[in-house]
Amino acid sequence: MISDEGSSSKLRGRLAPSPTGAQHLGNARTFLIAWLHVRCQAGELVLRIEDLDTPRTKAWANEQAIDDLRWLGIDWDTTAALQSSRTDFYLDVLDELKRKHLVYPCTCSRTQIEACWSAPHESFLDGVVYSGHCASRSVEDSKELDAKGERYAWRFRFGEGTIQWMDDYLGSQRLDAKRFLGDFVVARNYGPPAYQLAVTVDDHFQKITHVVRGDDLVYSTYRQLAIYGALGWEAPHWLHVPLVVGPDGKRLAKRHGDTRLSQWRQRGIGPERIVGWIANSLGLTQTDAPISASDLLAVAIGLKDWWHRIPKEPWVLDVERAGKPT
Ligand code: GLU
């Protein structure tokens, strides 16, 4: 059914850009951490373009992401097939979840979900929590919906209780995921499979042992862990690292200045400047003097478990600097 794509039992990581737009400084920092983490430990790295998020995905952004990575000095050993070409793999796994009755068809619209949300005053961790309105449905109920031509999402049914896991950077994590995150979408009967399913299937079949990514995805890890558990798959290690934010503390965006890597590249700014800047923010160098990715790798190799040096707070972007790295 599904082929094994991993080649060995060594540490294996991945770079997983989403071509929904240009890659920016924040992406570069996470990619550099992921690359250093693997290369320091003589592991293998997979490049996987995550292009399922249609219609936000842009064709030009695939090539540009690859050019940006190469420009930074980041290399990889294997290029995985585009996610958009692997839909059948994800649907096979969805069938497995259906057989196990771990998913149910949900016809709630976004507006209905928001309106049903019983506790708008409670702070939410990762978006609106699904009320469970359609949770009494079974997989078989989808036949009737299909016959009526209704659109629906397949929601994964979280088990009761706390999910606990260890992040190699953040430490121990635990949450009552059903209560605080709610059942989540893994696919729809229209459109491509959802991120949570695709990323779990790919990480498993591409034999990824260590996932390094931004800490905006910490809550997704509970969802992915539930899928791993349901399928009896071994979960990878995770390292969630802080994001780059603007001076207002918000996630890096256009209003914080133009930090697209392609723009610096086209202006003839050397990648060493960007890498130097990032290296300093990671606590790997004393100053933000230019340094190449390969020289930075040599620095990291000399430091045991260097990723514990990364400050726990987000890196606040110096806006002046973003416009004009010198
Ligand atoms: N493609 C996602 C992104 O660019 C990363 C997903 C992941 O690392 O699991 O944000």
So which of 236, 242, 271 is under 22 Å from residue 36 (Cα atoms), more than 15 Å from the ligand (Cβ to nearest atom) and crowded, with 18+ Cβ neighbours inside 10 Å?
271
Just checking, how many residues over the stretch 155-185 are surrounded by 14 or more Cβ atoms within 10 Å (Cβ to Cβ) and within 20 Å of residue 117 (Cα to Cα)?
13
Subset of the stretch 291-315 that is in contact with a Pro (Cβ under 9 Å, 6 or more places away or on another chain) and farther than 23 Å from residue 167 by Cα - its residue that is surrounded by the most Cβ atoms within 10 Å (Cβ to Cβ):
293
Pairing a residue in the stretch 221-233 that is over 11 Å from residue 163 (Cβ atoms) with any residue that is basic (Lys, Arg), where Cβ atoms lie under 8 Å and the two sit 6 or more apart in sequence or on different chains, gives 230/100
If you scan the stretch 141-156, which residues turn out to be among the charged types (D, E, K, R) and in a strand (DSSP E or B)?
155
When residue 53 is evaluated against the numbered criteria (1) buried (at least 23 other Cβ atoms within 10 Å of the Cβ); (2) of a type in the set (Asp, Glu); (3) modelled with pLDDT under 95, which criterion, by number, is the only one it fails?
(1)
Enumerated helices (runs of 4 or more DSSP H) restricted to the stretch 228-324, each holding at least 3 residues that are over 25 Å from the mean Cα position of the chain (by Cα):
293-301, 319-323
Consider residue 132 against the criteria (1) within 16 Å of the ligand (Cβ to nearest atom); (2) at pLDDT below 95: it satisfies all of them except one. Which criterion is unmet?
(1)
Determine the pairs where a residue that is farther than 29 Å from residue 105 by Cβ and assigned to a strand (DSSP E or B), located within the stretch 157-175, has a partner that is small (Gly, Ala, Ser) and modelled with pLDDT of 95 or more with Cβ atoms under 9 Å apart, the partner being 6 or more residues away or on another chain.
164/172; 166/172
For residues that are out of contact with any helix residue (DSSP H, G or I) (no Cβ under 8 Å at 6 or more places or on another chain) and aliphatic (A, V, I, L, M), tally how many sit in the stretch 93-117.
2
Return yes or no: is residue 155 touching a helix residue (DSSP H, G or I) at 6+ places or on another chain (Cβ under 7 Å) and either farther than 30 Å from residue 313 by Cα or within 14 Å of the ligand (Cβ to nearest atom) (or both)?
no
Hey, does the stretch 60-67 have a residue that's surrounded by 22 or more Cβ atoms within 10 Å (Cβ to Cβ) and part of a helix (DSSP H, G or I)?
yes
Can you confirm whether the stretch 259-267 contains a residue that is at pLDDT 95 or above, over 25 Å from residue 67 (Cβ atoms), buried (at least 16 other Cβ atoms within 10 Å of the Cβ) and not small (Gly, Ala, Ser)?
no
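Listed here are the residues, each with its yes/no results for (1) out of contact with any helix residue (DSSP H, G or I) (no Cβ under 7 Å at 6 or more places or on another chain); (2) over 25 Å from residue 197 (Cα atoms); (3) within 15 Å of the ligand (Cβ to nearest atom).
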| residue | (1), (2), (3) |
| --- | --- |
| 26 | yes, no, yes |
| 36 | no, yes, no |
| 42 | yes, yes, no |
| 45 | no, no, yes |
| 52 | no, no, yes |
| 64 | no, yes, yes |
| 68 | no, yes, yes |
| 75 | yes, yes, no |
| 91 | yes, no, no |
Collect the residues in the stretch 186-214 that are assigned to a strand (DSSP E or B) and either without any contact (Cβ under 8 Å) to a residue 40 or more places away in the chain or within 16 Å of the ligand (Cβ to nearest atom) (or both), keeping them in residue-number order.
186, 188, 210, 211, 212, 213, 214
Using beta carbons and a limit of 8 Å, which pairs, at least six apart or on different chains, have the first residue in the stretch 4-27 and within 30 Å of residue 321 (Cα to Cα) and the second one modelled with pLDDT under 95 and near the ligand (Cβ under 9 Å from one of its atoms)?
18/53; 20/53
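The values are calculated or read from the model by the stated rules, or taken from the named source; none is laboratory data. Keep in mind that what you see is a predicted model, and the values were worked out from it rather than measured. Cβ atoms come from the backbone with ideal geometry, glycine included; neighbour counts cover every protein chain shown.
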